[in-house]
Amino acid sequence: MITFATLCVLGLLWGGVYLLMAEGLNLIYGVMKVVNLAHGDFIVLGGLLAFSLFERGGLTPIAAFPIAAGLLFLIGMAVQLGVLEQITAQGPEGELRTLLATFGLSYVVANASFLLWGSQFQSIPFLQGAVQAGPIAVPEGLLVCSLLAFGVALLVHVWLTRTITGKSVHATAQSALGAASCGLNIRRIRTLAFALGSAMAGGAGALVISLIPFQTSTGGDLTVQAFTLIALGGLGNYPGAWLAAELLGLTEVFTQYYLGSNAASAVVYVVFIGVLIFRPQGLLGRVGRV
Amino acid sequence: MLQGLQRRSIARAARLVAVAAGALATALAAAPGASATEPIKVGLAITQTGPYSPPAVYELQGYELAVEEINQAGGLLGRPVTLVKYDDQGNPSTAVQLYQKLITDDDVDLLLSPYQTDLTSAVAPVVNRARRVMPCLAANIEAFGGKYPYLIQAMTQTSRYMVPVVDLAAQKGYKTLSLLVQNTQFPQQLAEGVEKEAAAKGIKVVFKESYANTTTDFSALVLKAAESHPDIIVGATYLADSEGIMRAARAQNIDAKMFAFSIGPVEPEFDKALGDAADAVFGTTLYFPTLHTKGNPAFVKAFADKFGRQPTYHAALAYASFKVLAGAVAKVGSLDQTKIRDALLQTSEDTVAGHFQVDKTGIQIGYNSYALQWQGGKQQLVWPEGAATATPIIPHPAWK
């Protein structure tokens, strides 16, 4: 029973970590229908930046969080204005070119990180202990990351649905043409969305590097993981992504315990395929949105 | 008139013949001299760039230092030695092409191995087909043992990596062990070695499970591994997974008398990543700068002077591997590859990395390994006792 409860806690918390790493991608996809293939590399960049701030300046990941997020915000802005806005093609051709551009970008970011930090795995010792909740030891680091992930998810959801800026971002997501004809500056909105999404990746990296060691080539795996999660949740859908994250976290922890670790890495994708067969739009996605 | 002309041309022809003969004689006389100064070309491809390059660059530097020292001492067979080196970028197919090029285009006289078991396995057929001898820095034994008779293992074999750790545990009277194994080639072979050694020492493996190399969350696995309350938790790991396992143990207050990993604690990043949680964790190394092996202090000093850093086990093994190869060439007195191979099979020699000796199929049986432990942010060699720089902290202190 205690084991079962512990596994539930661990699964839910790891779900939070996965959510934290996928939120930026979800926002960018939701608004722009762009799959940012450099997303994982942005996470790694944010993480390695936090690593250097810790090593050189003794800054904790919490303190590095706004710095990494801020830097990635600027990088995201530069990428949107300098690269993605320059792609004028519309429809499938435009999507393909954007995808290729972010694919190229992932190499640029990963190799720039390689030149700066080398190729070794890096990580930060931070909040490594456990909070004892009765008989269950709750890992501190996981707890903080998860709470932050839920906080950010909630904030973004409220922002998108309750504020004027958020609503205009939402409107642009639904129809760029319609939004533009209502007088919205869609170029600015897209830039804001991409920069925010990048900032969320950078911030996530700064925290997650204290849980998972990052190497400059880790980015690709993180992109796939984040994409799996948002596709499962219904691309661009926030409550859906949260649900998907918890589902993946719990699936992984329980499979690891009951079926073995080798099975765990496969079962996650089996669940993914299963959901997509029965709900191709994702758990909470609406038909026709994708 | 005609006769005069004839006479003159005959005389001229004679002079020409004389000059030609003289030139030929000089050329012939000079020929052996030219080959005496013509360098012996030693070829290799190694990972100089890319994610897998850091240990490989240590190996390259080890090779370079050995070449430099041999040249300073008058070369090999009276000829200077030059390195012909390429970058395989960690890619096996690139490595194969480069070794093909080294053998055919460059026609090098001797070969040295790339970094890592996978790349060595990739180039092994090419090298062996060309009947070129190659001392290999590869710990797994697939490429040796008669499969590729021209390959000689110049590194401790994988299954022996954790022998000192198991030995230390047995000395302390520990009886049970949980084994976590990354499901890739090297850790699996290593785990077999741990099981064999544990059985020999009367330690029971109470839990064994493997995991994918992409695993990042080890919480459930570590929880399960600890359920039988083993005395020792051993990971057949690389760096990232060893950190993941330690982090999961720390975050769930999981205690054991010993935590030990194959690769992981040997890297300085292990301590940087885990801080306090790295303390008292055991690791494995094949070399340590403080070892009392033959010529080690001079090697450590020369390496630090030349490259500005302490040698790692990769550097020491590479250095020793070329020194041993050069010794075999000197003994044979020629570059006859089969004779050099036979000489290497007979070699029993002390090097900076320990005693080099292979069995009759080329598997390394001389080189050992050592247990190290992180103590207060520093790596200490703790076992075997004779080579130790500190006494082991054991059992592992309980988490606060």
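Tabulated data for the structure shown
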quantity	calculated
Residue match in the stretch B:353-366 (condition: surrounded by 15 or more Cβ atoms within 10 Å (Cβ to Cβ) and within 30 Å of B:ALA273 (Cβ to Cβ))	yes
Residue within the stretch A:11-24 that is hydroxyl-bearing (Ser, Thr, Tyr), in a helix (DSSP H, G or I), within 14 Å of another protein chain (Cβ to nearest Cβ) and crowded, with 20+ Cβ neighbours inside 10 Å present	yes
Qualifying residue in the stretch A:50-62 (condition: within 19 Å of the chain's Cα centre (by Cα), of a type in the set (A, V, I, L, M) and crowded, with 24+ Cβ neighbours inside 10 Å)	yes
Residue, most open to solvent (accessible area, probe 1.4 Å), within the stretch B:239-264, restricted to residues that are within 13 Å of another protein chain (Cβ to nearest Cβ) and within 16 Å of B:VAL165 (Cβ to Cβ)	B:ILE263
Residue under evaluation B:GLY377, criteria (1) modelled with pLDDT of 95 or more; (2) within 14 Å of another protein chain (Cβ to nearest Cβ), criterion not met	(1)
Residues that are part of a helix (DSSP H, G or I), touching a residue at least 12 places away in the same chain (Cβ under 8 Å) and open to solvent by 30 Å² or more (accessible area, probe 1.4 Å), drawn from the stretch B:303-317	B:LYS306, B:PHE307
Matching entry among A:LEU284, A:LEU211 (being open to solvent by 60 Å² or more (accessible area, probe 1.4 Å), over 24 Å from A:VAL79 (Cβ atoms) and touching a Leu at 6+ places or on another chain (Cβ under 7 Å))	A:LEU284
Subset of the stretch B:174-190 (residues that are within 14 Å of chain A (Cβ to nearest Cβ) and either under 18 Å from B:PRO230 (Cα atoms) or open to solvent by less than 20 Å² (accessible area, probe 1.4 Å) (or both))	B:SER178, B:LEU179, B:LEU180, B:VAL181, B:GLN182, B:PRO187
Residue check for A:GLY205: within 12 Å of the chain's Cα centre (by Cα), of a type outside the set (Phe, Trp, Tyr) and at pLDDT 85 or above	yes
Counted residues, the stretch B:146-173 - those being buried (at least 23 other Cβ atoms within 10 Å of the Cβ), among the hydroxyl-bearing types (Ser, Thr, Tyr) and in contact with a strand residue (DSSP E or B) (Cβ under 7 Å, 6 or more places away or on another chain)	2
Among (1) open to solvent by 20 Å² or more (accessible area, probe 1.4 Å); (2) modelled with pLDDT of 95 or more - the single one B:SER334 does not satisfy	(2)
The stretch B:372-381, residues that are touching a strand residue (DSSP E or B) at 6+ places or on another chain (Cβ under 6 Å) and either open to solvent by 10 Å² or more (accessible area, probe 1.4 Å) or more than 18 Å from B:LEU317 (Cβ to Cβ) (or both)	B:GLN373, B:GLN379, B:GLN380
Hits in the stretch A:56-79 - residues which are within 14 Å of chain B (Cβ to nearest Cβ) and free of Cβ contacts under 8 Å to residues at least 12 places away in the same chain	A:ARG56, A:GLY58
Selection within the stretch B:206-225 - assigned to a strand (DSSP E or B) and either more than 10 Å from chain A (Cβ to nearest Cβ) or aromatic (Phe, Trp, Tyr) (or both)	B:VAL206, B:PHE207, B:LYS208, B:TYR211
Residues of the stretch B:191-205 classified as assigned to a helix (DSSP H, G or I) and either open to solvent by 50 Å² or more (accessible area, probe 1.4 Å) or β-branched (Val, Ile, Thr) (or both), total	6
Qualifying position, being over 27 Å from B:LEU274 (Cβ atoms) and either in contact (Cβ under 8 Å) with a residue 12 or more places away in the chain or part of a helix (DSSP H, G or I) (or both), among A:LEU148, A:LEU154, A:LEU116	A:LEU154
Matching residues, the stretch A:173-187, being open to solvent by 70 Å² or more (accessible area, probe 1.4 Å) and over 13 Å from A:MET32 (Cβ atoms)	A:LEU177, A:SER181, A:CYS182, A:ASN185
Scope the stretch B:159-190; condition among the hydroxyl-bearing types (Ser, Thr, Tyr) and outside any helix (DSSP H, G or I); matching residues	B:TYR161, B:TYR174, B:THR176, B:SER178, B:THR184
Residue that is nearest to B:LEU180 (Cα to Cα), among those in the stretch B:248-271 that are touching a Leu at 6+ places or on another chain (Cβ under 9 Å) and part of a loop (DSSP other than H, G, I, E, B)	B:SER262
Yes/no for B:ASP276 being within 11 Å of chain A (Cβ to nearest Cβ), touching a strand residue (DSSP E or B) at 6+ places or on another chain (Cβ under 7 Å), not in a loop (DSSP other than H, G, I, E, B) and not small (Gly, Ala, Ser)	no
Selection from the stretch B:141-158 of residues that are of a type outside the set (A, V, I, L, M) and in a loop (DSSP other than H, G, I, E, B)	B:GLU142, B:PHE144, B:GLY145, B:GLY146, B:LYS147, B:TYR148, B:PRO149, B:TYR150, B:THR156, B:GLN157
Residue list for the stretch B:48-59, filter: under 12 Å from the mean Cα position of the chain (by Cα) and either open to solvent by 10 Å² or more (accessible area, probe 1.4 Å) or β-branched (Val, Ile, Thr) (or both)	B:PRO55, B:VAL57, B:TYR58
Some residue of the stretch A:171-184 being within 14 Å of another protein chain (Cβ to nearest Cβ), more than 13 Å from A:LEU19 (Cα to Cα), out of contact with any Ser or Thr (no Cβ under 8 Å at 6 or more places or on another chain) and of a type in the set (A, V, I, L, M)	no
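The values are calculated or read from the model by the stated rules, or taken from the named source; none is laboratory data. Keep in mind it's a predicted model, so treat the numbers as computed, not measured. Glycine gets a Cβ as well: all are built from the backbone with ideal geometry, and neighbour counts include every protein chain shown. Areas reflect the complete protein model, heavy atoms only, side chains present, ligands, DNA and RNA absent. Shrake-Rupley method; radii C 1.70, N 1.55, O 1.52, S 1.80 Å.
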